[in-house]
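Only one structure is covered here, and it is reproduced in the block below.
The values are calculated or read from the model by the stated rules, or taken from the named source; none is laboratory data. Keep in mind it's a predicted model, so treat the numbers as computed, not measured. As a convention, Cβ positions derive from the backbone with ideal geometry for all residues, glycine included, and neighbour counts pool all protein chains shown. SASA here: full protein model, heavy atoms, side chains in, ligands and nucleic acids out. Shrake-Rupley method; radii C 1.70, N 1.55, O 1.52, S 1.80 Å.
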Amino acid sequence: MRILVTNDDGIHAPGLEVLEAIAHEFSDDVWVCAPSDNQTGAGHSLTLSLPVRLRKHGERRFSVTGTPTDAVSMGMKHVMDGEPDLLLSGVNAGANLGDDITYSGTVSAAMEGALAGVRSIALSQVMKTERPPSGDRFSAAKGWGPRVIEPLLTVPYENRTLVSVNFPSLDAQDVRGARVVRQGFHDYSRGSIVEARDPRGFRYYWFGLDAIEHTPDHGTDLEAIAEDFVSITPLQLDLTRHASIKVLADRFDN
Ligand code: MN
């Protein structure tokens, strides 16, 4: 089995090493192609107006000066000779729950894999300010990653789908299990905008990520994490709101 590992936190991120180690539990044929820098929040963006550079870091380890989507494209179309059997994205340093998904470079990298018909899994480690007792922020991802990935390898693959996994901010032995749940939603707040002045006196702005308020609905990823479970959410690239097709069609069709 050929595995492509990528992320949005960049080639030097600790979570990438965690995921490489997990990938090696399933195969010796593991390739890494990740962004050269932190691309958190890049979503599914592509670099079209600039060239990108490919750097080789090891025999099957590469970085791209672009977005997570660029890295996956480069990995599949150029670095690897053909598409992988599996794409793993992460392990992201931070949650990708509820409405985070469309901002997420981690999930978007898995979307790019899904577009190519590759079985794709995004993995994110929720991080609270306080570390779990072991001190290892990736403890849950390390302990539960292989256990979650294994069954996902043999379920029938549906085109244009992917799976997003979030690990709670706990030591692996304190995690209560894994739940398959739907995507939840946050109460809208996109964090603060900090205004300050640069050394030349010009105003600049910086977006902050405040703690997001939400009331986790039953059966959602947010609830699973709040209750100390790993959340497993199948996603689809079809964003159509099917229930609205008829309502809109009634207004537009003759
Ligand atoms: Mn990230």
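Numbers below:
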{"read-out": "Of residues in the range 83-96 being more than 14 Å from the ligand (Cβ to nearest atom) and open to solvent by 20 Å² or more (accessible area, probe 1.4 Å), the one modelled with the highest pLDDT", "value": "Asp85"}
{"read-out": "Test set (1) among the β-branched types (Val, Ile, Thr); (2) buried (at least 19 other Cβ atoms within 10 Å of the Cβ); (3) farther than 19 Å from Asp238 by Cβ - Ile101 fails condition number", "value": "(3)"}
{"read-out": "Only one of Lys77, Lys56 that is more than 16 Å from the ligand (Cβ to nearest atom), assigned to a helix (DSSP H, G or I), open to solvent by 10 Å² or more (accessible area, probe 1.4 Å) and under 26 Å from Ser27 (Cα atoms)", "value": "Lys77"}
{"read-out": "Search result, residues across the range 147-199 that are touching a helix residue (DSSP H, G or I) at 6+ places or on another chain (Cβ under 8 Å) and among the small types (Gly, Ala, Ser)", "value": "Ser164, Ser169, Ala172, Ala178, Gly184"}
{"read-out": "Residue in the range 192-206 that is open to solvent by less than 40 Å² (accessible area, probe 1.4 Å), touching a residue at least 24 places away in the same chain (Cβ under 8 Å) and assigned to a loop (DSSP other than H, G, I, E, B) present", "value": "no"}
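Residues checked against (1) in contact with a strand residue (DSSP E or B) (Cβ under 6 Å, 6 or more places away or on another chain); (2) surrounded by fewer than 24 Cβ atoms within 10 Å (Cβ to Cβ); (3) small (Gly, Ala, Ser):
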| site | (1), (2), (3) |
| --- | --- |
| Thr47 | no, yes, no |
| Leu50 | no, yes, no |
| Asp81 | no, yes, no |
| Glu112 | no, no, no |
| Ala116 | no, yes, yes |
